[in-house]
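Below: one structure, written as structure tokens.
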Amino acid sequence: PGSLCMDVGSHVGDRIRTWLELGARVVAIEPQPRFLGLLRALYGGRHRVELLGIGLAEAPGHRILHVSTRTPTVSTFSVDWIEDVRRDARFRRIEWDRQIPVDVDTLDNLILRYGEPAFCKIDVEGHELNVLQGLSRPLPALSFEYIPVARKRACACIDRLSELGAYLFRRSSVETMRWMDREWLSAPEIKDALQAMPPGDRSGDVYARLERAW
């Protein structure tokens, strides 16, 4: 209770609801106008919630968000990620049919403004490394999405976190909220586990925690 959580790529706000039930304060970042409108309807005016209609990147500025109108949860800042995931049959029929300009800031700047989060969730469809490149300090705990067909991106995030601090890692498949790994793994171990996954396997999240923080 009272801890700060950051929800980077909040979408429809599942994490916001859970964190509020636990008594946390929440800063939610969502650049898509339709999702942001929903979040404002659900959580606007709540004293423990700050909703930001921006994106995050390695530096402040502007980015083009490639929006999938029919499947908006896969909208992304990363054209390269779109090419990566199209190698997976589940993504081949998806169309990114609109582009919208978005203001972006950095995690470092949000921390200066709101404080250090106890936990930070990053789910930004292939743009996770860019978000982490805008962070210059280790956070106690965080998560980021992985997709097996684009596993090199998750491995790059692991390398980036290892530059910031001594982290341990663990996977959870899709939204199961269950661990796939029996114990916390080192950076080389979690990268080996990701590399061993078939390209068509289910996506999920890598969780990271500082060794000294637990």
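The values are calculated or read from the model by the stated rules, or taken from the named source; none is laboratory data. For clarity, every value in this text was computed on a predicted model and none was experimentally measured. We work out accessible area using only protein heavy atoms, side chains counted, and drop any ligands, DNA or RNA first. Shrake-Rupley method; radii C 1.70, N 1.55, O 1.52, S 1.80 Å.
For n ≥ 4 DSSP H runs only, could you compute -39500 (n - 2.57) per run for the chain, divide by its residues and tell me the 222 nm figure to the nearest 500?
About -8500 deg cm²/dmol.
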*Per residue, how much accessible area does segment 66-126 have with a 1.4 Å probe, in Å²?*
52 Å²
*Cut-off under 5 Å, modelled amide H: who pairs with residue 204 long-range*: 146, 174
*Rank these by accessible area, largest first, 1.4 Å probe: 171, 212, 137.*
212, 137, 171
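Calculate how large, on average over all directions, the projected area of the Cα convex hull of segment 13-123 is; give the answer in nm² to one decimal.
7.7 nm²
Express the carbon and sulfur contribution to the solvent-accessible surface of segment 173-214 as a percent, rounded to the nearest whole number, probe 1.4 angstrom.
On the way: 1420 of 2800 Å².
For segment 173-214, the apolar C and S fraction of the accessible surface comes to 51 percent.
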_Report the gain in length on full extension from residue 173 to residue 34: 0.36 nm times residue separation, minus Cα-Cα distance, nm rounded to one decimal._
47.4 nm
*Evaluate the relative contact order of the chain (contact order divided by residue number), counting alpha-carbon pairs under 8 angstrom at least 6 apart; express in whole percent.*
18 percent
*Whose amide H sits under 5 Å from the amide H of residue 166, counting only residues 5 or more places off or on another chain, with H placed in the peptide plane?*
211
_For a quick size check, give me the Cα extents of the chain along its three principal axes, largest first, whole Å._
45, 44, 31
*Calculate the length of the line joining the C-alpha centroid of segment 15-53 to that of segment 98-112, in whole Å.*
16 Å
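Can you give me the accessible area per residue for segment 148-214, using a 1.4 Å probe, in Å²? Before the final figure, lay out each step's value.
Values: 3600 Å² over 67 residues.
Accessible area per residue: 54 Å².
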*On the protein heavy atoms, probe 1.4 angstrom, tell me the percent of accessible surface of segment 13-159 carried by carbon and sulfur.*
49 percent
*Calculate, axis by axis, the spread of Cα positions in segment 115-166 along the three principal axes, and write the results as whole Å, longest axis first.*
34, 19, 16
_5 Å is the cut-off here: which amide hydrogens, built 1.01 Å from N in the peptide plane, fall below it relative to residue 120, excluding neighbours closer than 5 in sequence?_
6, 141, 142, 143
